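Structure, as structure tokens:
The values are calculated or read from the model by the stated rules, or taken from the named source; none is laboratory data. Owing to the predicted nature of the structure, the values given are computational and were not obtained by experimental measurement. Cβ coordinates were reconstructed from backbone atoms using ideal geometry, including for glycine residues, and neighbour counts include every protein chain displayed. With ligands, DNA and RNA removed, areas are computed over all heavy atoms of the protein, side chains included. Shrake-Rupley method; radii C 1.70, N 1.55, O 1.52, S 1.80 Å.
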Amino acid sequence: MRIRAAAMAGTTTAALLLTAGTGVPAHADGQPVITKVVVNKGKNIVVGPTTATKFSAQVTATDPSGVIVADVQLWRGPSFDDRTGAISYDAPNCHADSSTTTTCTMNFQVMADTRDMTNALSNAKAGTWHIYASAFSKDRVQTTIDSWATVNVQRRSQLTANAAPEPVKKGKTLTVTGKLSRANWDTRKYAGYSGQRMKLQYRPKNSSTYTTLKTVTTSSTGELKTTVKATADGYYRYSFPGTTTTPAINAAGDYVDVT
């Protein structure tokens, strides 16, 4: 992570010290220390094709003089100074945990839209974003961390599975079809996700555990199709492990009666 500290009155800048073995900044010359940052409860940010996604971020900072405000921003690009995208937020809502420590919460909202709008996402913006954090002390010193951590901003996924015929004779062939789709932020619709390796899984009727039978790759339109031999009553589903741009998902199991 890149850490910068500067006196607000224009005095000499200084780097923060790091506590040995922890990676957590230690106080240096009264500079504020950011001790905790949480975005979207530690989960990836998943955005559908039409509905706005709301999430929050919390940042905690401490300083001997006290902390006035701390905030979090999301950015993407080669560096914070050369960022190619940013997600803005409502003004921080801060409360003092003690005389030296403050926690601030920011509320965010993003949605799919190709127009040049605040917090609008196009397909090209899916993937890894950096978390920037900053804090201002009461003695007017600022600490900024360009990339505290990263978070994936992902295109919401959908997955189906259908096993046929139903019922089926034991030992006969079952055909399991399905489709993997994800939000297309450019068109604001769902579209097939091609070339993705999926697991076909089976769960016996009286079991809670799925086992993988084989791996199947989605077609150019996200379609799935394969065959298996029917052995006993149970559920069939496809399972997608996810990518940086698209969250993991399991299809609902389709029950097959084997006679």
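Probe radius 1.4 Å, ligands and nucleic acids ignored: give me the carbon and sulfur share of the accessible area of the chain as a rounded percent.
On the way: 6260 of 12820 Å².
C and S fraction of accessible area: 49 percent.
By accessible area of protein heavy atoms, probe 1.4 Å, what ranking do 203, 197, 155 get, highest first? Before the final figure, lay out each step's value.
Numbers: 203 45, 197 155, 155 25 Å².
From most exposed to least exposed: 197, 203, 155.
In nm, what is the difference between 0.36 nm times the number of residues separating residue 255 and residue 150 and their Cα-Cα distance?
On the way: separation 105, 0.36 × 105 = 37.80 nm, distance 3.94 nm.
Taking residue 255 through residue 150 to full extension adds about 33.9 nm, to one decimal.
When the chain is fully extended, how far beyond the present Cα-Cα distance does residue 109 get from residue 173, taking 0.36 nm per residue of separation? Present the calculation step by step, with values, prior to reporting the outcome.
Details: separation 64, 0.36 × 64 = 23.04 nm, distance 4.79 nm.
Extra length available between residue 109 and residue 173 comes to 18.3 nm.
Along the charge dipole of the chain, which of 52, 33, 85 sits closest to the positive end, that is, farthest toward it, with unit charges on the beta carbon of Lys, Arg, Asp and Glu (+1, +1, -1, -1)?
52
Once the other residues with Cβ under 12 Å from the Cβ of residue 187 are scored (Lys, Arg +1; Asp, Glu -1), what is the net sum?
The answer is +2.
Per residue of segment 34-44, in order, report the coupling 6.51 cos²θ - 1.76 cosθ + 1.60 (Karplus, θ = phi - 60°) as ³J(HN,Hα) in whole Hz, putting x for Gly and Pro.
Result, rounded to whole Hz: 8, 9, 7, 9, 10, 10, 6, 6, x, 9, 5.
Considering only the other residues whose Cβ falls under 9 Å of the Cβ of residue 233, what net charge follows from Lys and Arg at +1 and Asp and Glu at -1? If you can, show how the numbers build up before the last one.
Details: positive: 205; negative: 257.
That sum, taken over residues with Cβ under 9 Å, equals 0.
Any aspartates and glutamates with Cα under 13 Å of the residue 189 Cα? List them, leaving off those in the same chain fewer than 8 positions away.
113
Once phi is turned into θ = phi - 60°, what whole-Hz ³J(HN,Hα) does the Karplus curve with 6.51, -1.76 and 1.60 give for every residue of segment 48-64, x standing for Gly and Pro?
x, x, 10, 7, 5, 9, 10, 7, 10, 9, 10, 9, 10, 9, 9, 7, x
Can you give me the solvent accessible area of residue 95 with a 1.4 Å probe, rounded to the nearest 10 Å²?
100
List the aspartates and glutamates whose Cα lies under 13 Å from the Cα of residue 54, skipping any in the same chain that are fewer than 8 positions away.
Those aspartates and glutamates meeting the cut-off are 90.
Hey, if we sort 94, 104 by accessible area with the 1.4 Å probe, largest down, what's the order?
94, 104
Can you give me the solvent accessible area of residue 186 with a 1.4 Å probe, rounded to the nearest 10 Å²?
Counting only protein heavy atoms, the figure is 70 Å².
Among the listed pairs 41/125; 179/199; 36/125, which have their C-alpha atoms separated by more than 18 angstrom in this model? Walk me through the numbers before you get to the answer.
Working: 41/125 21 Å; 179/199 12 Å; 36/125 26 Å.
Cα-Cα > 18 Å for 41/125; 36/125; rest within.
If you take every residue apart from residue 211 with its C-beta less than 12 Å away from the C-beta of residue 211, what net charge results, scoring Lys and Arg +1 and Asp and Glu -1? Walk me through the numbers before you get to the answer.
On the way: positive: 199, 203, 214, 237; negative: none.
Here the charged neighbours net out to +4.
Can you give me the long-range amide H partners of residue 185? Hydrogens built in the peptide plane at 1.01 Å from N, cutoff under 5 Å, separation of 5 or more residues or another chain.
Placed amide hydrogens put 123 under 5 Å from residue 185.
Might you work out the accessible area of residue 249 for me, using a 1.4 Å probe with all protein chains in place, and round it to the nearest 10 Å²?
Around 40 Å² of this residue is reachable by solvent.
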